[in-house]
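See structure below.
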Amino acid sequence: MNNQRFKAWLKRIGWVGFLFFLVKGLLWLLIPYLIAKGFLSK
């Protein structure tokens, strides 16, 4: 990927977008883990 284009894109989405995707990514990892451990099953 072109580094300059990436920086422009990152600046455009800003911190809100970065945090949104970070939290979303962590939840995609956390939820299957909790299901496997049995925390979310009733």
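None of the figures in this text is laboratory data; all of them are computed from the coordinates on show. Keep in mind that this is a model prediction, so the values were computed, not measured. Note that we place each Cβ from the backbone using ideal geometry, even for glycine, and neighbour counts take in every protein chain shown.
In the stretch 1-27, which residue that is surrounded by 10 or more Cβ atoms within 10 Å (Cβ to Cβ) and of a type in the set (Phe, Trp, Tyr) is nearest to the chain's Cα centre (by Cα)?
PHE21
Would you check which residues across the stretch 1-30 are among the polar types (S, T, N, Q) and not in a helix (DSSP H, G or I) and list them? Explain how you work it out, then say what you get.
So the first thing to find is which residues in the stretch 1-30 are among the polar types (S, T, N, Q), and the list is 2-4.
Hit for the stretch 1-30 is ASN2, nothing else.
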